[in-house]
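First comes the structure, then the notes that go with it.
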Amino acid sequence: MKFKLNSIVFKMMVPLMAVAILVVGITYLVTQTYLKKVVEDVFIDLQAHHLEEIYSLKMENILIEIQSAGTAIAASKEIESFLLSQDAAEGKMSPHMKQKLYDLKQLYKLDMIYVAHAKSRNYFNENGFLRVVNPSDKESGWFLKTLHGKKSFLINTDADFAQSLHIWIDGIVGSEDNPIGLAGGGVDIDNIFEIALGDFHEYSADVTILRGADTLHASSKKDSILNIPLHNSDLSQEKISAIQVAKIRDERLAEYKINAKSRQLIFIPVKKLDWTIIVDF
């Protein structure tokens, strides 16, 4: 009788133990999954703040340096005298003036330097006369914008067909009310992408820069079409939707899925340039 009772108890205990083990196992897995997700979210959040601080500091330093360079170049009395000279009116530049521009370019570590006459619109660099600026040309809109801006300088950016990303400083030579011409320069900042690509190289990262509300301004992908609205770009619809929603909600982190795989987006604003740097990994 005792043996039979033990057998019955044993038979009753087996499924209970199995259920208990199953519950413990499921609880463990759920807990592990939850904790893994929490750790990943904390890691991503920390990385987002880390990247934002690095980008903000990097961009601030670039803007300070190029502003100082542009202001100094535009304030040069030699450049002012040159733009008022007959040589400038005739599209000529002396070897001395070429050397002066070359020295300023080297001193301020610029990739490009220029001076331009306000009326004749003759445009020079350290190699001499380049061309006459045509303000009706879309690519030369900066010329009249700076002349009529009533500011001592303007900072702007562009990204050309070769995906090179530049920051420019255009400064007024003379006074804002009666400008003699413009002077300034540009720096190539393609390496701005490397900050994120280096940190997230294991995660197939790419970087996109939006200008304004939704203009695709620059990209770490060399085959991207630039300066078009976001919804007309070659980005996936899933990514476009995630960007648009995050922008509306003013979120710094977002997630989307493509081909059943999750990807993260980090949003880093650069207000002085009206940029949003988006890291996708």
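Restricting attention to the range 103-129, which residues are closer than 18 Å to GLY171 by Cβ and assigned to a strand (DSSP E or B)?
MET112, ILE113, TYR114, VAL115, ALA116, HIS117, ASN122, TYR123, PHE124, ASN125, listed by residue number.
So ASP177 passes all but one of these: (1) over 19 Å from ASP274 (Cα atoms); (2) among the acidic types (Asp, Glu); (3) more than 14 Å from the chain's Cα centre (by Cα); (4) not in a loop (DSSP other than H, G, I, E, B). Which condition number does it fail?
(4)
If you check SER220 against the conditions, is it under 18 Å from ILE189 (Cα atoms) and in contact with a helix residue (DSSP H, G or I) (Cβ under 7 Å, 6 or more places away or on another chain)?
Spelling it out, SER220 is indeed under 18 Å from ILE189 (Cα atoms) and in contact with a helix residue (DSSP H, G or I) (Cβ under 7 Å, 6 or more places away or on another chain).
Tell me which residues, restricted to the range 93-129, are closer than 19 Å to GLU78 by Cα, surrounded by fewer than 14 Cβ atoms within 10 Å (Cβ to Cβ) and of a type outside the set (Gly, Ala, Ser).
PRO95, HIS96, GLN99, ASP103, GLN106, LEU107, LYS119, ASN127 - these are the residues of the range 93-129 that are closer than 19 Å to GLU78 by Cα, surrounded by fewer than 14 Cβ atoms within 10 Å (Cβ to Cβ) and of a type outside the set (Gly, Ala, Ser).
Residues in the range 34-52: is at least one within 22 Å of GLY171 (Cα to Cα) and either at pLDDT 95 or above or in contact with a helix residue (DSSP H, G or I) (Cβ under 8 Å, 6 or more places away or on another chain) (or both)?
Among the residues of the range 34-52, not one is within 22 Å of GLY171 (Cα to Cα) and either at pLDDT 95 or above or in contact with a helix residue (DSSP H, G or I) (Cβ under 8 Å, 6 or more places away or on another chain) (or both), which makes the answer no.
Going by the conditions given, is LYS257 of a type in the set (Lys, Arg), over 18 Å from LEU165 (Cβ atoms) and part of a helix (DSSP H, G or I)?
no
Which residue out of ALA242, ALA183 is modelled with pLDDT of 90 or more, in a strand (DSSP E or B) and among the hydrophobic types (A, V, I, L, M, F, W, C)?
ALA183
Filter the range 221-237 for residues that are surrounded by fewer than 17 Cβ atoms within 10 Å (Cβ to Cβ), in a loop (DSSP other than H, G, I, E, B) and either touching a Gly at 6+ places or on another chain (Cβ under 7 Å) or not acidic (Asp, Glu) (or both) and give the result.
Step one: list which residues in the range 221-237 are surrounded by fewer than 17 Cβ atoms within 10 Å (Cβ to Cβ), which gives 221-223, 225, 227-229, 231-232, 234, 236-237.
Checking which are in a loop (DSSP other than H, G, I, E, B) leaves us with 221-223, 225, 227, 234, 236.
LYS221, LYS222, ILE225, ASN227, SER236, listed by residue number.
Any residue in the range 126-147 that is touching a strand residue (DSSP E or B) at 6+ places or on another chain (Cβ under 8 Å) and closer than 19 Å to ALA218 by Cα?
Taking the range 126-147 as the starting set, the residues that turn out to be touching a strand residue (DSSP E or B) at 6+ places or on another chain (Cβ under 8 Å) are 126, 129-133, 142-143, 145-147.
Adding the requirement that they be closer than 19 Å to ALA218 by Cα leaves 142.
Checked the range 126-147: at least one residue is touching a strand residue (DSSP E or B) at 6+ places or on another chain (Cβ under 8 Å) and closer than 19 Å to ALA218 by Cα.
The values are calculated or read from the model by the stated rules, or taken from the named source; none is laboratory data. Small disclaimer: the values here were computed from a predicted structure and weren't measured. We place every Cβ from the backbone using ideal geometry, glycine too, and count neighbours over all the protein chains shown.
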